[in-house]
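To start, the structure itself, in structure tokens.
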């Protein structure tokens, strides 16, 4: 019993689970272990990992960011409106792509800032702030485009998301920076402290508001980077981009072991969570299971992860 | 840090005799057991599915060839959604047609997510399918998908929704939304003319980002333009394919023009909104009864079939799902055999109305859906 408990509570549990799952299913699943398929899994894993990193930071701070999907959509149409070749504001201009990228990141950071300010200065619950934020910014994206997609984007932009090597490099860089920020910087320590107990942290001299606003801004920025990749993959800006991804984003983070109660989480854990979720998604698809079965299995696994989180948090050490 | 806190809290409790650890344990255990039992069916279902996966898969691998000795073809069918009856009926029609032709069909539903659809079609390509049928999320985001299939040299056919213009090569099987809507509305106008008076009309328009919705709107406009003596359009309700928006729009239109007596909806799935508004104003009357509001639609779903049978609906333009499905599979087979395939295959569809209901119903997909 003690060994099982140790394994379940191990921080590498989800990684072991992913490896075991892959090894168990590979002989039976047509095409699962092929290089093409693994490349496909990697390409779809990268943007999800980036946006889940932001979610990890916010969850560690004791909050939750449900607005990330609307940030992705809003950034997608902002960038596309600037650089598309049909009637973009900077169509054909050599600076169109850099300007679009800058605008996308700015939009992400600003929405994050708004979320952070509402949570800290107005003392509103993160759940309601980001839920209403999701509704507002999704609606704004649809209204701005009149629910039309924007195509004809520059090839240089599409390559950022479409080319796995470029996307991989960006993801690794962001992952390393986020990991170091969490583990080696003072901000990282403050973030864990705030997640554990915001009141005690405040009394201890931690600039709680600044730390939490920083987490939401980082989440917004990372969602904007994910938007660059998702938009590049579809080669078009869409006001409903990533609309159905919220469960995957929060699910992957929680499966990794980041706590919904705050104060606990690691970038590496989120990587394991994203890896497991993507492997499961990919294999269930390859096994030709019906859409509803896949949704049921995914829902059950995420629920199981949430139960594990509750157990870890409540179980006596 | 947290653990230390928990330890110290429990020690504090024990010291103060508030709740001893021994006394707390059974209570925790009880909560835990209750929680586990509540979710037991979900765990069992998930565990069962995971256990059955390898078995199901082995079975799928074993059935690798057809009875005739020729290698069995595999076709990947990727749908953007299964949210309305039309798509569910279409997927069922694909399953039946594939079984009839001894083709193995693998399916993927993107749940409205364009990126997921790209991933799923790449999965098909990884599995080296012999052809791909795609219901794209939208006309632009499907272009990278078509390019990926082109690069893998796999024929790809778009079902019911055409792509935007690009250098990517595909075949699209689509209904002639314009002509079929015009025919349907012409029939309704013919019936309305028999009353000898001029009717005020309302039209429910779909999402104008969808080329099918534009075709239906233009078809309606073309038909009413030819009969200014019979119909005058007084309300155009934008629905964006949304039932709630349709409902609000219809109610508003009835308040502004209570004497509307001619209604056309760009999709049958919006009929319930119209019916509830008509019932609320006491105008839901059968065809031929005094005060009947002329009602027409497009798609041919199960609601429309029931309303036709009950005598409330005048006509609907039916997309011939069975023709479209057959054409998709035939296009893939032709492309594989090197035969020329046109870029667009048009489904002329048919108008079903009170006069030809019995004759046409077997071909109406909505009539074959179990309610």
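What follows draws every value from the coordinates through simple rules; no lab data is involved. All values derive from a computational prediction rather than experimental measurement. Every residue, glycine among them, receives a Cβ derived from its backbone with ideal geometry; neighbour counts consider all protein chains shown.
Across peptide A:34-40, the average count of Cβ atoms from other chains found within 10 Å of a residue's Cβ is 4. Within the range A:213-243, what residues put their amide N at less than 19 Å from the label point 7 Å along the Cα-to-Cβ vector of residue B:81? Within reach of a label on residue B:81: A:237-243. Exposure proxy shown here: for B:118, B:145, the number of other Cβ atoms within 10 Å sets the order, fewest to most, as B:118, B:145. Would you work out if the range A:254-310 is rounded, prolate or oblate? Take a ≥ b ≥ c from the square roots of the eigenvalues of the alpha-carbon gyration tensor; rounded if a/c is under 1.5, else prolate when a/b is larger than b/c, oblate otherwise. Oblate is the answer for the range A:254-310, as a/c is 1.5 or above yet b/c matches or exceeds a/b.
Could you calculate the contour length gain from residue B:229 to residue B:167, that is, 0.36 nm times the residue separation minus the distance between their Cα atoms, to one decimal place in nm?
17.7 nm
Bridge orientation summary for the protein assembly as shown: considering DSSP beta bridges with both residues in this region, about 15 percent are antiparallel.
If packing is taken as the average number of other Cβ atoms within 10 Å across a peptide's residues, how do A:238-247, A:195-204, A:145-154, B:315-324 rank, most packed first?
B:315-324, A:238-247, A:145-154, A:195-204
The alpha carbon gyration tensor of the range A:1-108 gives principal lengths a ≥ b ≥ c with a/c of 1.5 or higher and a/b no greater than b/c, which makes the shape oblate. Histogrammed with a bin width of 10 Å, the alpha carbon distances of the range A:117-176 distribute as 18, 22, 31, 27, 2 percent, first bin at zero. Sorting B:122-129, A:80-87 by their mean Cβ neighbour count within 10 Å, with the most densely packed peptide first, gives B:122-129, A:80-87. The range A:1-43 and the range B:319-354 have Cα centres spaced 43 Å apart.
Backbone N atoms of the range A:262-277 closer than 20 Å to the 7 Å Cα→Cβ label point of residue A:307 belong to residues A:273, A:276-277. For the residues of B:138-145, the average number of beta carbons from a partner chain within 10 Å of their own beta carbon is 6. In whole angstrom, how far apart do the alpha carbon centroids of the range B:250-265 and the range B:201-244 sit? Between the Cα centre of the range B:250-265 and that of the range B:201-244, the gap is 13 Å.
Stretching residue A:156 away from residue A:95 to a fully extended chain increases their span by 20.8 nm, per 0.36 nm per residue minus the current alpha-carbon distance.
Over chain A, dividing the summed -39,500 (n - 2.57) contributions of all DSSP H runs of at least 4 residues by the number of residues returns a 222 nm mean residue ellipticity of -25000 deg cm²/dmol. Calculated FRET efficiency, residue B:95 to residue A:4, Cβ-Cβ distance, R0 = 45 Å: about 0.55 to the nearest 0.05. Across the range A:43-242, Cα pairs under 8 Å and at least six residues apart give a relative contact order of 43 percent. Here the contact order of the range B:94-152, divided by its residue count and restricted to Cα pairs under 8 Å and six or more residues apart, works out to 30 percent. With an a/c value of 1.5 or above and a/b larger than b/c for the gyration tensor axes a ≥ b ≥ c computed over the alpha-carbon atoms, the protein assembly as shown is described as prolate.
According to the calculation over all Cα-Cα pairs in the range B:69-169, the P(r) per 10 Å bin from zero is 16, 51, 29, 4, 0 %.
For chain A, count the residues as N, evaluate 2.2 N^0.38 Å, and divide the Cα radius of gyration by that value, please.
Chain A yields a ratio of 1.00.
Counts of other chain beta carbons within 10 angstrom of each beta carbon in peptide A:287-295 average 6. With the simple model of a label 7 Å out from the Cα in the direction of the Cβ, residue B:211 to residue B:257 spans 3.0 nm. Spin-label model, residue A:38 to residue B:358: label points 7 Å out along the Cα-to-beta-carbon direction sit 6.6 nm apart.
In the range B:69-169, Cα pairs under 8 Å separated by at least six residues give a relative contact order of 30 percent.
Which order do peptides B:281-292, B:226-237 fall in by mean Cβ count within 10 Å, highest first? Mind dumping the intermediate values first?
Values: B:281-292: 12.7, B:226-237: 16.6.
Highest to lowest by the protection proxy: B:226-237, B:281-292.
The range B:113-190 and the range A:213-282 have Cα centres separated by 29 Å.
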